[in-house]
1. Taking the Cβ of Leu82 as the centre, find all other residues whose Cβ is under 12 Å away and add up their charges (Lys, Arg: +1; Asp, Glu: -1).
2. Report the net charge of residues surrounding Leu38, where surrounding means a beta-carbon distance below 11 angstrom and charges are Lys +1, Arg +1, Asp -1, Glu -1.
3. Given H placed on each backbone N at 1.01 Å, which residues far from Ile186 in sequence or on other chains put an amide H within less than 5 Å of it?
4. For the residue pair Leu91 and Ala407, what label-to-label distance in nm results when each label sits 7 Å from Cα along the Cα-to-beta-carbon direction?
5. What distance in nm separates the two pseudo spin-label positions at Val341 and Ser320, each 7 Å out from Cα along the beta-carbon direction?
6. With the other protein chains left in place, how much accessible area per residue, in square angstrom, belongs to segment 57-150 at a 1.4 angstrom probe?
7. Give the dimensionless ratio obtained when the Cα radius of gyration of segment 41-96 is divided by 2.2 N^0.38 Å.
8. What is the set of long-range amide H partners of Asp113 at a cut-off below 5 Å, with H atoms built 1.01 Å from backbone N?
Amino acid sequence: SPPISGCVVKSAVKRKPRPKSNKRTVRAEERQQLVEYLSKEANVVLQCPKSHLIRLSDYLQTFDGVEVLSPLDPSRRAITLLFVKAEDPALFADRLLSVPYAAIAVNKLYILDGDMTNNGRLDEDVAEFALKNLASLRQRLDQHDDSKNEQDIVVRVQAFPPKIRSPLIAAMDSKWDEDQLKGVDISPTGFTHTLSVVQIETPKENIIGDITSESGGTVHLLGLTPALPTDAVTTHDRSRFHADSRGEGSKEESVSRAYYKLQEALTRYNAESSSLALRQSLAGSVSLDCGAAPGGWTKYLIDEIKCSTVFSVDPGSLDSAVESLDGVEHMRSTIENAIPVLSERGVTIDLWVSDMCLHAMSDQVDWLLKARDAGILSPTAAFVLTLKCNIGHSAAAYENQVEKEVARLLGIATDIQTLHLFSNRSGERTIIGSL
């Protein structure tokens, strides 16, 4: 048919693909470089909730012989990986996981060997690589064992992401050599060693000169280490004292969670400060616990601080095991009504602790100052206050509110330290100091 009048027919031209944006390319290059760096330097990987990343990273700065390298986002919504270089990975891991309030921030811990890195397929190269290292371990143990009894090796396999664990074990099983791996078994219980495998996805856009490859790649970091004493403690056991966002659990569990919250506050205050140790010995002191129910803080003050008397102020009931402790006096009232009663009795408080839920965060500092004005606090009384932010939704907003409350104590209190405890929720901060 004749061409339509006024139309220009153009021959089809193959268009060049749109170039990738510079920002996207730069991000891919930076991640690739970071993966390469962490693969060489890190010997411990911590899997933790994103909500605890900054808290965990700050806490690890207090460990000798430990360098926090970098987090790496595995593109999973709620968790992240924190890469660490430790002089003694096993000692570091055992120390970290043996502290209840720190262990709740670690979902999994993987000890790696810098020489055990594999870029191949999981079901082929990685499985063969893992078996080769198991066979090498079998050989080393046999050489150092003078007895005729062969030492059994039971290996637990832990992997990130968890979905690669089953296919890895299946691949290892299909390639198992009984002659080389005599006396070796894989089991999640009764294990003597742990095989850790961390899979890291490299960018889908690997930049090689001017060529952009869409295939991407995968790096597997491995480690084969003896079992740790803390391996016997399950993740559930470590986290059962952690107050979840719903506050669920029995009264006994609530007491335990609160107990560890105060333990963390006082332990870290002393450990992380050069000259901020509490100025007086609190053994034999008189303490007041505001908002005491069900009694976790009161129990810690009696059991660990060895206070002679703890005034537990709360209209609610204490756990019967706490209320029956020697030295505990439960005042079933609000702090507003308790202060004048204590003043009339001539009580002097050496340590004021408060985890009260209040309408306004500023009320927490208000009651401390009112107690001081009422004359029931000793001139050098120590205090631990939980500031619960109920305005705003960002860390910056919380920090700004806390700074205002701390500023109110300047000139009144000394050695003030603000901590975001593992036991704190995202909108909580704990301040500690002395008058």
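The values are calculated or read from the model by the stated rules, or taken from the named source; none is laboratory data. Keep in mind the model is a prediction, meaning the values are calculated, not measured. Reconstructed Cβ throughout: ideal geometry from the backbone, glycine too, with neighbour counts over all protein chains shown. Calculation scope for accessible area: heavy atoms of the full protein, side chains included, ligands and nucleic acids excluded. Shrake-Rupley method; radii C 1.70, N 1.55, O 1.52, S 1.80 Å.
1. Local net charge: +1.
2. Once positives and negatives cancel, what remains is +1.
3. Here Val155 satisfy the definition.
4. 4.5
5. Computed distance between label sites Val341 and Ser320 equals 2.3 nm.
6. 53
7. 1.07
8. The list, which skips near neighbours in sequence, is Leu222, Gly223, Leu224.
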